[in-house]
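Presented below is the structure to which this report refers.
Every number in this text was worked out from the coordinates using simple rules, so none of it is lab data. It should be emphasised that the depicted structure is a prediction, and the values quoted were computed from it without experimental measurement. Every residue, glycine as well, gets a Cβ built from its backbone with ideal geometry; the counts of neighbours run over all protein chains shown.
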Amino acid sequence: MNKNKKELIGALCFVALFGYMTLLTSRLNAGVKPYTFTIVLGGLLFSLLYLVRSAVALMKANKAEVAEEKTVPSGRLKWVFITFGCAILYGLAFYYLGYIISTVLYVTLFAYLVDKDAKKWVYPLVGVVLVVFLYFVFGRFLNVMLPKGILNIG
Amino acid sequence: MIENILLAFQAAFTPLNILVVIAGTALGIVIGALPGLSASMGVAVLIPITYGMDTVPGLIMLGAVYCGATYGGSISAVLLNTPGTPGSAATAQDGHRMTQKGLAREALTESVVASFWGGLASSIALLFLAPLLAKFSLKFGPQEKAMLGIFGLTIIASLCSKDLLKGVIGGFLGLLLACVGLDPVHGDTRFTFGTLYLTSGVALIPALIGLYSIPQVINMVVSNEKHIVSDDMLNSIGKNKFRFKEIFQYPRIYLDSSIIGVLVGILPGAGATIASFLAIDHSKKHLAKEPEEFGKGSREAVAASEAGNNGVTGGALIPMLTLGVPGNAVSAIMMGGLMIKGLYPGSELFTKQAGIVYPFIIGFLLVQFFMLIEGLFGAKWFAKIVKLPSNFLAVGIVVLTTVGAFAMANNIYDVICMFVFGILGYLLNKIGFDSTPIVLGLILGSIMEQGLAQASTITGGYGNAFLSMLSRPVCLALIALSVLSLVFPVVQNKLRARKQKK
């Protein structure tokens, strides 16, 4: 997608967000309103300015047929979703499966998925080393109750 | 003050604190040396770890990582021509040319020596200037506190001078996020959407971790770059031995550049990059023995750049600790780290909490010596770190951030909050938004709102509160400073653009 189009979408999102928040602010109690209104209206005003600027930039770019400026290298967009998806899955597994299983699985699978250059045994080994690190630093030194998960391991 | 300093030496020199200094400095150097990782990210990720520690070693750890990372950035700048941190961009210019000439060891030695002098000067400035400024903050009432919040937000103009509009919107987004939860005076809930989790507001630390670390992880995986340091480069580091006199090679350059760094650091928003370029310019014009060598691999230029950008470290903490105005992104994050420990910037920090803040500053001073030792004798090993595969680095960061966000309150919602802010940060970065204005708004928003609410209660309304500011000298000075801080970067940018056109 063209960078200018992305900016326009971004500006629309900001206008929608601050617009919606302005509506919500109108329902607040009188004492809370003045400060909150100032913030949301300020945000809305500058977002509208941004929207106008993005629209003008897009129109100018369309006229001049400016070459598309890529913010993500070609063919690598799927990695944004994969990286983020795996991280969220890890976050959930961390809580429900416990930190030991989830960390070893995540480190092994995701690191292998990204780059297969290292020897295969290195991936789970790094996972185990990280678990040991978490156990000693967070579990023992900082006394954090790390989640044991449904299998109650840890 | 002297008594506090002497007591602080006693409190800082404990085996645990020294261990924390050694580990934190090494960790900071590693973070700084890795291109793509920044001091801001390092400090943000470490806050949950320090949260579980005692306050003094926790704060010393953050300071050590900050200083270590600021120096560490020069390692990849010298070896790869890729500044590990933005502040070492100026070092890359001459440092890498020295490496190409086979002088990698000399460049790395100079960068750590100059970093040491810069850091030392900034620690001394922090130790003696901060208490004086803190005393001055005793005169501050609610109006001044609100105005300080506004002044703090104006550093967005310097941080985002290339696109001020985006910086301002980011700042408003941060202020909006700071409104979430209970309002500080009436106790009404705002923007919680019926969830109990949001009643206490947006969780600051998970939000900081998400904004600074997740976008970097995604970029790391997406860019698929492998940084390679040739073995020749690494071998050349160990060829010649370090000579003690190298520590005092350019005394005037160290002194002047460090002072420039400290002064730039105190100015909110100016930052390490500006300090290093200013220091190089000053040294080239007034102090260098071989000014014609600048830009072609000059050791004097590396000295000026590194002393300048490390001078910023302590300088940036002065307005943060005394007035609550963070000088840069790292000090904004450190301010968040202070606040979750229940410590608030201002005079009380130097009186009632003197037992914490002075040992922290002494620890900060100690960091400089360990940075020198670790940098001189471990440069080759730290240089090897840049060979670390990015896939392992990425998973390591995700694991640490997840556990860190969870550890704050043993709460899975904090982890979710971290990921939400992570994706928000990534999307905003892609359309040219910086995370720092959001963080500034989030941190300063609550301080500003509290000040304004108190002032409006005293004066009988928000309008009166603003009017009363006009009759208070400190407020007027802060208004003038805010206007200057807003206008100066914009004018400077326009002048620069006009110069380039010519």
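With no solvent and one point on each alpha carbon, what is the Debye value of log10 I(q)/I(0) for segment B:295-337 at q = 0.31 Å⁻¹? Normalising to I(0) and taking log10 leaves -0.98. Exposure proxy shown here: for B:R97, A:R53, B:R299, the number of other Cβ atoms within 10 Å sets the order, fewest to most, as A:R53, B:R97, B:R299. Average 1/r across all pairs of distinct alpha carbons in segment A:2-56, invert it, and you get the Kirkwood radius: 11.7 Å. Between B:N410 and B:R498, residue separation times 0.36 nm minus the direct Cα-Cα distance comes to 26.3 nm.
Lysines within cross-link reach of A:K63: Cα-Cα under 27 Å, excluding same-chain residues under 8 positions apart? List returned: A:K3, A:K5, A:K6, B:K162, B:K166, B:K430, B:K494, B:K501.
Shape analysis of chain A based on the Cα gyration tensor places the equivalent ellipsoid semi-axes at 44, 28, 10 Å, largest first.
Think of it as helices only: each DSSP H run of n ≥ 4 in chain A is worth -39500 (n - 2.57), and spread over all residues that comes to -23500 deg cm²/dmol at 222 nm.
Here the alpha carbons of the protein assembly as shown define both size measures, Rg and Dmax, at 24.4, 73 Å.
Treating each Cα of segment B:2-501 as one equal point scatterer and applying the Debye formula with no solvent, the log10 of I(q)/I(0) at q = 0.08 Å⁻¹ comes out as -0.46.
Sorted largest first, the principal axis extents computed over the alpha-carbon atoms of segment B:126-184 equal 36, 34, 19 Å.
Close amide-amide hydrogen proximity is noted between B:L182 and B:R190, B:G201, each under 5 Å apart and 5 or more residues distant or on a separate chain (H modeled in the peptide plane; Pro and chain starts excluded). Entry note: segment B:24-116 has Rg to Rh equal to 1.06, where both radii use alpha-carbon atoms and Rh is the Kirkwood radius.
Within chain A, the selection of entire DSSP H helices by a Cα span of 20 Å or greater along the long axis and an average Kyte-Doolittle value of at least 1.6 returns A:99-114.
Taking the longest Cα principal axis of chain B as reference, the axis of helix B:435-459 is set at about 30 degrees.
For segment B:408-502, the Kirkwood hydrodynamic radius comes to 17.3 Å, computed from all pairs of different C-alpha atoms. Residues B:M339, B:M220, arranged from fewest to most other Cβ atoms within 10 angstrom of their Cβ, appear as B:M339, B:M220. Scalar couplings 3J(HN,Hα) for segment B:258-263, obtained by applying the Karplus form with A = 6.51, B = -1.76, C = 1.60 to θ = phi - 60°, are 5, 5, 4, x, 4, 5 Hz; x denotes Gly and Pro. Its Kirkwood hydrodynamic radius, worked out from the mean inverse distance over all distinct Cα pairs, puts segment B:335-438 at 17.7 Å. 3J(HN,Hα) along segment B:14-25: 10, x, 5, 5, 5, 4, 5, 4, 4, 5, x, 5 Hz, from the Karplus curve 6.51 cos²θ - 1.76 cosθ + 1.60 with θ = phi - 60°, whole Hz, x for Gly and Pro. Helix content alone sets the calculated 222 nm mean residue ellipticity of chain B: runs of n ≥ 4 DSSP H residues at -39500 (n - 2.57) each, divided across all residues, give -25000 deg cm²/dmol. Axis angle, to the nearest 10 degrees, between helix B:204-223 and the longest C-alpha principal axis of chain B: 40 degrees.
Report, in cubic angstrom per residue, the convex hull volume of the C-alpha atoms of segment B:250-352.
Per-residue hull volume (Cα only) is 92 Å³.
Inter-label distance, A:F37 to A:V56: 3.0 nm, where each label sits 7 Å from its Cα along the C-beta direction. In terms of other Cβ atoms within 10 Å, B:T401, B:T199, A:T25, B:T273 run from fewest to most in the order B:T199, B:T273, A:T25, B:T401. Helix B:473-501 and the longest principal axis of the Cα set of chain B meet at an angle near 50°. Could you tell me which residue out of B:P35, B:F128, B:F172 lies farthest along the dipole of segment B:2-501 toward its positive end? Charges go on the beta carbon: Lys and Arg +1, Asp and Glu -1, centred on the Cα centre. Projecting each Cα onto the dipole axis, the largest value belongs to B:P35.
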